[in-house]
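To start, the structure under review is shown below, and the notes come after it.
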Amino acid sequence: MSRPPATGTDRTDRSLPPANLDPDRLPQHVALIMDGNGRWAESRGLPRMMGHRAGVEALKSTLRLCSDWGIQALTAYAFSTENWSRPGEEVNFLMTLFERVLQAELKALEAEQVRIRFLGDLEALPQKLQQLIAEATTSTASNTGIHFNVCTNYGGRRELVLAAQRLARRAAAGELDPDDIDENSIGAELFTAGEQDPDLLIRTSGEHRISNFLLWQLAYAEIHVTDVLWPDFNAMALKEALLDFQRRNRRFGGLDPISP
Ligand code: FPP
């Protein structure tokens, strides 16, 4: 991602996890519901679209921080299957924004070894965006850095329906015994196949909902809700979320606490 010129202290702040975070107990995979772009803009007397633009900057800096601090995967909810019901002007703006950001940032993503994937029902997206997504996915596929998953036209229920259909087709064709279907076979049919489940879900703007996001994968995630509106989400807010995560006792349904 294109970085602003770094000053000495700036660069140090960005590269190292804050001293009071335990680098050995970071979540490996962080999921993000980036909410509050519209309210951020409206509170400044700006059109909602300006909130989405500012949201892109917050996402770029969060990706960089996660990568610098040693988090292995970041999965962000950029556009849900329900977001098509927004006014056409806003939907078009978002699609064009995704195209522009991909065009502008691809080289930097490659240089920073980010592996980008888009998760969702991509065939419904504009043709040009689909092409850019295919290019970005291919050209970063062998990168060794952070996995950056952008959920676009994504819905958790839709994902489970598609997985069920694929398994049912294989069973009907005699390729799969229904009794052999287990959690691994379902996980392997999801858009996130091959990715470890998120350890931490961060939702901004104070809403306590998961809004059809990663319904299967978030089964044991810790949830951190902050009142910060997404465009204002910064290093301090990320640090807060990670400290909150490190205070949790993860028991995965058992009795003994398992440290994050
Ligand atoms: C929710 O805020 C935000 C969105 C629906 C869009 C999120 C998209 C981005 C931040 C851009 C990401 C870009 C790329 C290329 C991945 P809202 O509009 O629901 O805010 P509100 O709840 O205040 O109305």
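None of the figures in this text is laboratory data; all of them are computed from the coordinates on show. On a predicted model such as this, the values are computed, not experimentally measured, just so you know. Here Cβ is always computed from backbone atoms with ideal geometry, including for glycine, and neighbour counts include all displayed protein chains.
Restricting to DSSP H runs of at least four residues, report the calculated mean residue ellipticity at 222 nm for the chain, -39500 (n - 2.57) per run over all residues, nearest 500 deg cm²/dmol.
-13500 deg cm²/dmol
Placing +1 on the Cβ of each Lys and Arg and -1 on the Cβ of each Asp and Glu in the chain, which of GLN196, GLY206, LEU94 has its Cα farthest towards the positive end of the resulting dipole?
My answer, from the dipole projection, is LEU94.
Whole-Hz Karplus ³J(HN,Hα) for the range 31-38, in order, using 6.51 cos²θ - 1.76 cosθ + 1.60 and θ = phi - 60°, x for Gly and Pro?
Per-residue couplings from phi come out as 9, 10, 9, 8, 10, x, 4, x Hz.
Whole-Hz ³J(HN,Hα) for each residue in the range 235-251, computed from phi via Karplus 6.51 cos²θ - 1.76 cosθ + 1.60 with θ = phi - 60°, x for glycine and proline: what do you get?
4, 5, 5, 5, 4, 4, 5, 6, 5, 4, 4, 6, 7, 7, 9, 8, 10
Looking at CYS151, VAL161, GLY120, which one has the Cα that reaches farthest to the positive end of the dipole of the range 96-175 (charges on Cβ: Lys, Arg +1; Asp, Glu -1)?
VAL161
If you build the Cα gyration tensor of the chain and take the root of 5 times each eigenvalue, what three semi-axes come out, in whole angstrom, biggest first?
29, 25, 19
Binning at 5 Å from 0, report for the range 44-118 what percent of all alpha-carbon pair distances ends up in each bin.
Binned Cα distances yield the sequence 3, 12, 23, 25, 17, 11, 7, 2.
With +1 on the Cβ of every Lys and Arg and -1 on the Cβ of every Asp and Glu, and nothing else charged, how large is the dipole of the chain about its Cα centre, in debye rounded to the nearest 20?
Dipole magnitude for the chain comes out near 700 debye.
Just report the Cα centroid separation between the range 185-252 and the range 95-132, whole Å.
If you average the Cα positions of each part, the centres end up 22 Å apart.
Treating the beta-carbon of each Lys and Arg as +1 and of each Asp and Glu as -1, no other charges, what is the dipole magnitude of the range 175-260 about its Cα centre, to the nearest 20 debye?
Charge dipole, the range 175-260, about its Cα centre: 740 debye, nearest 20.
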